[in-house]
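The values are calculated or read from the model by the stated rules, or taken from the named source; none is laboratory data. As the structure is a prediction and not an experimental result, all values here were calculated from the model. Counting neighbours? That spans all protein chains shown, and the Cβs are built from the backbone with ideal geometry, glycine included.
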Amino acid sequence: KAGVTQTPRYLIKTRGQQVTLSCSPISGHRSVSWYQQTPGQGLQFLFEYFSETQRNKGNFPGRFSGRQFSNSRSEMNVSTLELGDSALYLCASRQWGGHTEAFFGQGTRLTVV
Amino acid sequence: QQQVKQSPQSLIVQKGGISIINCAYENTAFDYFPWYQQFPGKGPALLIAIRPDVSEKKEGRFTISFNKSAKQFSLHIMDSQPGDSATYFCAPDPRSNDYKLSFGAGTTVTVRA
């Protein structure tokens, strides 16, 4: 069974640009969550999608947005990039309902210069 | 609102020693208590989890101890090995689909040979 796939693995962008990251969940998993990981802040929850609907949202500005497609694949977008957006962005997929294990991708390392 | 408090932030242990990581929570609705392990360059992965109907669960060298009255659970790594060097996160979970899966701040464990 293929794991969670995130693309691209590495990205360098300039301040003010926008970026789109992609996540393909494990087959059969309909929930996709996104996290920002930085050395000082740990794993910060961005949002979670299920059935193409955002179910939960973390405390991030509106520059961070996401969406989920009918095949459960998800994208997140960050507009007007700031230096502080440099981080590892992780996506996790899991089945919906009850206590289910979250399976993480390897992440996308975003560097804003 | 900080849901969980994880400690210590980091620890160094000699090979063969015991590593202990603690997680304190406030939400009494939590009823599933997992620990995730993350190696550099990888996403976190479920290591071990416990439900509140037991006070301890052991899997190999890894043990979770759960204290419901104190609202704390801990991870014990016995006979620590250099391969255990990683960052560990607690991520307590309630029986609710509306809950955003949040992680503790993380504990970086370094096992010295």
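A few notes on this one:
- Those residues of region A:75-90 which are outside any loop (DSSP other than H, G, I, E, B) and either polar (S, T, N, Q) or in contact (Cβ under 8 Å) with a residue 60 or more places away in the chain (or both), in sequence order: A:ASN77, A:VAL78, A:LEU83, A:TYR89, A:LEU90
- Of A:SER72, A:SER93, all but one fail to be surrounded by 13 or more Cβ atoms within 10 Å (Cβ to Cβ), assigned to a loop (DSSP other than H, G, I, E, B) and in contact (Cβ under 8 Å) with a residue 40 or more places away in the chain; the exception is A:SER72.
- Condition broken by B:GLY41, with the remaining ones in (1) surrounded by 13 or more Cβ atoms within 10 Å (Cβ to Cβ); (2) at the interface with chain A (Cβ under 10 Å from one of its Cβ atoms) satisfied: (1)
- For region A:3-12, the criterion of a residue being outside any strand (DSSP E or B), surrounded by fewer than 22 Cβ atoms within 10 Å (Cβ to Cβ) and modelled with pLDDT of 95 or more is satisfied by at least one position.
- Screening A:GLY28 against (1) crowded, with 20+ Cβ neighbours inside 10 Å; (2) under 29 Å from B:ARG51 (Cβ atoms); (3) of a type outside the set (Ser, Thr, Tyr); (4) away from every other protein chain (no Cβ under 14 Å) leaves a single unmet condition, (1).
- None of B:ASP93, B:ASP31 is under 29 Å from A:GLN6 (Cα atoms), acidic (Asp, Glu), within 15 Å of the chain's Cα centre (by Cα) and within 11 Å of chain A (Cβ to nearest Cβ) except B:ASP93.
- Residue, nearest to the other protein chains (Cβ to nearest Cβ), within region A:96-113, restricted to residues that are part of a strand (DSSP E or B) and under 24 Å from A:LYS13 (Cβ atoms): A:PHE104
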